[in-house]
Amino acid sequence: MEQFNNVAIATVGDEKISLSDLIFHLKTDLNQNVLESTIHECLIKTASREMGISIGNEDLQAASDNFRRKKALLSAQETLDWLADHGLSIEEFERKLEGDIVLERVVNEVASEEALRKMFNENLTEFQHVKIALIVVDKAGVAQEIVSQIQEGETDFIELSLKYSIFHNVEENGGYLGRAYRNDLPFEVDAQVFDENTPELVGPIEVGDSYYIVKIYEKMSANFDKAAKGLCTRMLLDQFLQEKSTGLGVKVQILPDPPSGAGSE
């Protein structure tokens, strides 16, 4: 990928993000916004330097050993084969490990216990949560018929979810979504589900071209538990990255400059 090192697609402050950086994240950050991940890596690296964070060979070796244990890669050859199967070079593998270590250490700085508690206390309503199941369909008539069947006790929620729901994320669980915080759900659903007087069965609720039917199993008040700490951590990191992005200045070139000499005869 050396030919792409000089093709700039974005800048963070004075630092350029190259096309090869983007390709690296295409390989390693599946299901993510790849350009966003690439910019975040640059922001995190810049922040780590400001914090005096450094990664040594011992850190990389420990991270590599831990990775191999998780993947049950018992020999060096098995590791090389795994990397080849996933289109990664050793250099890219080490870059990924280093990036994960740096991220963890920056998060530890940003999301201290004190910062976590402050974020939690300032956003208590955000940490109210419910345990719910969903049925999502694309026809109003079908949605109303499902609600009628549930209310009349003809068929249970799980059976109807398995039969009708187009919400594939939870279809194998009979619609059970589990814990949901405010803003995890579409606004129209969120407003009704978190209303104090909402009954156990809610809907149909029209959201765009879909209709949501929600079964509420339990409503829970804000609690500073492991899940809440995880959410606070993400909120603090997002806030930190936004502040860094604003401070440094991020510019994205939709059409990157071609490498010097490209197109020449």
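No lab work stands behind these numbers, since they all come straight from the coordinates. Being a predicted model, the structure only gives us computed values, none of them experimental. Using ideal geometry, Cβ is built from the backbone for each residue, glycine included, and neighbour counts are taken over all protein chains shown.
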*With each label point set 7 Å from Cα along the Cα-Cβ vector, what nm distance links Trp82 and Arg49?*
3.1
*Grab the other residues whose beta carbon is less than 12 angstrom from that of Glu50, score K and R as +1, D and E as -1, and report the net.*
+2
*Arranged by the count of other C-beta atoms within 10 angstrom, fewest first, what order do Val110, Val214 take?*
Val110, Val214
*asked:* Given a Förster distance of 35 Å, report the FRET efficiency between Glu154 and Gln242 from their Cβ-Cβ distance, rounded to the nearest 0.05.
replied: 0.10
*asked:* If I stretch the segment between Gln144 and Phe224 completely, what's the gain in nm (0.36 nm per residue apart, minus their alpha carbon distance), one decimal?
replied: 25.0 nm
*Relative to the present Cα-Cα distance, how much length would full extension add between Glu113 and Asp195 at 0.36 nm per residue of separation?*
26.4 nm
*Based on the Cβ-Cβ distance from Arg68 to Glu188, what FRET efficiency comes out when R0 is 41 Å, to the nearest 0.05?*
0.30
*Determine the sum of side-chain charges near Gln239: Lys and Arg each +1, Asp and Glu each -1, restricted to other residues whose C-beta is under 14 angstrom from that of Gln239.*
-2
*Kindly flag which residue pairs out of Lys71/Lys96; Lys71/Lys251; Lys71/Lys163; Lys71/Lys118; Lys70/Lys163; Lys96/Lys244 have an alpha-carbon separation exceeding 27 Å in this structure.*
Lys71/Lys251; Lys71/Lys163; Lys71/Lys118; Lys70/Lys163
*In a shell of Cβ-Cβ distance under 15 Å around Leu185, excluding Leu185 itself, what net charge do Lys and Arg (+1) and Asp and Glu (-1) give?*
-1
